[in-house]
Structures are given as structure tokens and as C-alpha cells.
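No lab work stands behind these numbers, since they all come straight from the coordinates. Everything numeric in this text was worked out from a predicted model, so none of it was measured. Every residue, glycine as well, gets a Cβ built from its backbone with ideal geometry; the counts of neighbours run over all protein chains shown.
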Amino acid sequence: MSGNWTEQNIADQHGRVAIVTGGNTGLGFETARMLAQHGAKVVLAVRNVEKGGQAAARIAGDVVVQSLDLTSLNSIRSAAADLRGAYPRIDLLINNAGVMYTPRQTTADGFELQFGTNHLGHFALTGLLIDCLLPVPGSRIVTVSSTGHRIQAAIHFDDLQWERSYSRAGAYGQSKLANLMFTYELQRRLAPHGTTIAVAAHPGVSNTELVRNLPAAFRGPIRWLAPLLTQKPEMGALPTLRAATDPAVLGGQYYGPGGWGEVRGYPKLVTSSAVSYDQAVQRRLWTVTEELTGVTFPVR
């Protein structure tokens with residue numbers, strides 16, 4: 001029998017509620033599809049409700065759609081209120097949605113788009129839903145990072161919103177590094193409660209719609225090279241699914257593809273960059289994020 005972790009390793013999910021941000025396309029769709037097929041009730045938390053409905057119709061299982069715009073704290077608060085009302089017990093929160101390499105733009109609240117969406121939005125959503133996870137034994141918060149967290153990797157506290165100068169890759173790398181630091185700091189705060197764990201995952205290099213924001217000069221070559229350099233979204237989703245469902249997973253772990261350079265392959269336990277484990281920076285980022293979002297967690 002192969003030792004590779006595949007979709008067939010997903011445990012029975014009947015009776016579990018899973019919220020997947022960005023679940024209408026790409027990695028999020030595949031994550032939602034496989035969880036639903038194994039019995040979970042899946043909520044696609046998406047910006048475009050019409051596209052969310054179309055995605056839900058393509059999934060066999062119990063799937064519903066929730067409006068969520070991670071670029072707006074008002075939308076996040078509204079969505080969290082809806083979800084708390086509908087699902088007082090949540091088993092899985094999968095922070096999957098994200099943007100990559102966008103031109104400099106800001107969210108509705110004035111945050112740089114990549115940092116605001118990928119990190120601040122998910123931090124706020126998690127904080128507003130965590131009371132529904134803490135009472136549930138075996139509940140998990142899985143946040144999707146990227147190998148991009150190593151690119152120009154730093155949390156630029158002196159210019160978090162990239163107002164002085166802007167780098168698409170640098171801003172993306174900061175946001176994905178923040179995802180990891182959030183996970184590690186959250187796990188330390190969750191550990192005394194003993195019920196919920198925080199885990200991170202990354203998809204390697206997957207062929208998804210994220211490349212649409214690459215500069216035009218790169219999009220053509222990437223499309224030609226994609227079959228050679230990337231893996232399909234259903235493979236890219238496996239690290240997230242393993243982090244979410246494997247009984248052997250521990251809080252604070254990080255899963256990614258097991259092939260060369262973590263680009264492709266079946267999911268395994270991996271390590272992130274040295275800077276991502278800096279606890280002083282993690283704590284500082286947490287404090288700043290609370291100030292920016294106005295969301296605090298009932299875990300200390």
C-alpha cells in the first residue's frame with residue numbers, strides 16, 4: 001500500500017461543519033468538494049454569491065453559500081454574525097481565500113490589498129468565529145500560506161501598507177509570512193484550552209486563477225509552462241485537507257507538497273522560514289493586527 005496521503009485518507013466528516021473562504025474556485029473549491037463528499041456540511045464563504053451558488057451546484061453533498069468580502073471589515077462582521085447564528089458549533093474554519101501579486105490597491109478600510117485580504121481579513125474572521133470553535137473537541141483552524149512567504153520575507157512594521165514604495169512580490173510575501181506567524185501565535189494561545197488547534201498549509205505551485213494578477217509579460221509563459229511546473233488544484237488542496245482532517249496532525253504544524261522544493265507532490269509535514277518562528281515578531285504582529293482590525297480574541 002502506498003504511503004502517500006490522498007483524498008481516500010480523509011476521515012468520515014459526517015456531523016461536522018466546515019467553513020471554507022474562497023470556496024467557489026481553485027484550491028478552495030477542491031477543498032470544499034472533498035470535505036462535502038466525505039460528509040461534512042460545507043459553507044462556501046465567498047465574495048461573489050452568484051459564483052458561489054454555481055460552485056455549490058457542482059458539489060455533491062450538503063453545501064451552502066455565505067456572502068463574505070474579506071476586503072471589508074463591515075462585511076466580515078456581518079458574515080461572522082450570520083455564521084454564528086446559523087452554526088453555533090463549527091468544526092473547521094479553513095482560511096483559504098487570497099489574492100496574489102496585485103497592483104497596489106487598498107481595501108475598503110484602507111489596507112494594502114494583499115495584506116488586508118490574506119492576513120487582516122482572515123485574522124478578523126477567525127477572531128469573530130472562535131467562540132463557535134472553542135467548545136468543539138477536535139476543531140481546527142487551517143490557514144493557507146505559500147512558499148511565497150520566503151520572498152522578500154519580512155513584516156515591514158515601519159510600512160505595513162506599502163505606502164512609501166510598493167512591490168507586488170514583497171507585499172504578497174509579507175501577507176503569507178503573516179499567515180504563518182498568525183497560526184503559530186494562535187496555537188500558543190489555544191493550547192491551554194485543549195480543544196481547538198491552529199495549523200498551516202501551502203499548496204506548492206498549483207495551476208489556479210491566482211496567476212491572473214501577474215504582469216502581462218509573465219502570464220503567457222506561465223500558461224505554457226504550467227503543465228510542467230504546477231500541479232492540479234485537487235493535488236494542491238491535499239495539504240490543506242490533511243491539516244484539516246488527519247488525526248495525527250498537531251497544532252502549530254505546517255503541511256505542504258512532499259516533492260522537490262515543495263512544488264508538487266503528496267502532502268507531508270514541512271517547515272517554514274526561520275523568520276516565521278520568531279516569537280517576538282509574532283506577538284508584535286498580533287498586537288498590531290488587533291489594533292488595525294479592532295478584533296480581539298478570547299484567548300491569551
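Things to note:
- Computed FRET value (nearest 0.05) for residue 74 with residue 164, which takes r as the C-beta separation and R₀ as 25 Å: 0.35
- Using a simple spin-label model with pseudo-atoms 7 Å out from Cα toward Cβ, residue 60 and residue 152 lie 4.6 nm apart.
- Residue 290-residue 9 FRET efficiency (beta carbon distance; Förster radius 41 Å; 0.05 resolution): 0.65
- Gain on full extension, evaluated as 0.36 nm per residue between residue 67 and residue 271 minus their Cα-Cα distance, stands at 70.1 nm.
- Summing charges over neighbours of residue 69, with a neighbour being any other residue whose Cβ is under 15 Å away from its Cβ, gives 0 when K and R count +1 and D and E count -1.
- Among (i) 48, 23, 14; (ii) 31, 26, 22; (iii) 25, 23, 20, the entry derived from the coordinates for semi-axes √(5λ) of the Cα gyration tensor in Å: (iii)
- Extension gain from residue 105 to residue 195, taking 0.36 nm per residue of separation minus the Cα-Cα distance: 28.6 nm
- Based on DSSP H segments of at least four residues, each scored -39500 (n - 2.57), the chain has a per-residue ellipticity at 222 nm of -11500 deg cm²/dmol.
- Over the chain, Cα pairs under 8 Å with separation of 6+ residues give a relative contact order of 18 percent.
- Debye, to nearest 20: dipole size of the chain, +1 on Lys, Arg Cβ, -1 on Asp, Glu Cβ: 360 debye
- As a proxy for reagent exposure, 106, 287 were ordered by neighbouring Cβ count within 10 angstrom, fewest first; the result is 287, 106.
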